[in-house]
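A short worksheet on the structure shown next.
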Amino acid sequence: MANLSDFAKEYKPKETTENEEIIKETIQDRYEYYKDFNQDQLISELYKQIELQKSRGEFDYDSLKKNVELMSGYLNDEQKQKLFKLLETLK
C-alpha cells in the first residue's frame, strides 16, 4: 500500500493554461477599472451592462441569481438585503 508521502513525491502541480491566464488578466483589468467607483457609479454601470446584455439577448437572470446566492454567504445581513433588492430590479 502506498504512503501519502509517495503521492507527494509524484505530485506535479497543474500548469496554468493560456485561457486561465486570460481570465486572470481580465479580472485584474476589471478590478483596476472599477476599484475607484463609488456605489452610485457601480450601480449605474451595472444597469448599463444589463441593458446591453438584454439588447443582445445575452442576459441570464437565473444564472445571475445563482451567482448572487453563492456570493451571499460572504456578506453581512445588510449587504445581502441590498444585493437581493438590487437583483429584483434587474428582472
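Quick look at the values:
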{"read-out": "Which listed residue, of GLU51, GLU25, is surrounded by 10 or more Cβ atoms within 10 Å (Cβ to Cβ) and under 23 Å from PHE84 (Cα atoms)", "value": "GLU51"}
{"read-out": "Residues located in segment 67-83, provided they are of a type in the set (A, V, I, L, M, F, W, C) and not in a helix (DSSP H, G or I)", "value": "LEU75"}
{"read-out": "Residues of segment 31-43 that turn out to be out of contact with any Leu (no Cβ under 8 Å at 6 or more places or on another chain) and surrounded by 12 or more Cβ atoms within 10 Å (Cβ to Cβ), as a count", "value": "1"}
{"read-out": "Residues within segment 55-87 that are surrounded by fewer than 10 Cβ atoms within 10 Å (Cβ to Cβ) and of a type in the set (D, E, K, R), tallied", "value": "6"}
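No lab work stands behind these numbers, since they all come straight from the coordinates. Please read these numbers as outputs of a predicted model, since none were measured by experiment. Reconstructed Cβ throughout: ideal geometry from the backbone, glycine too, with neighbour counts over all protein chains shown.
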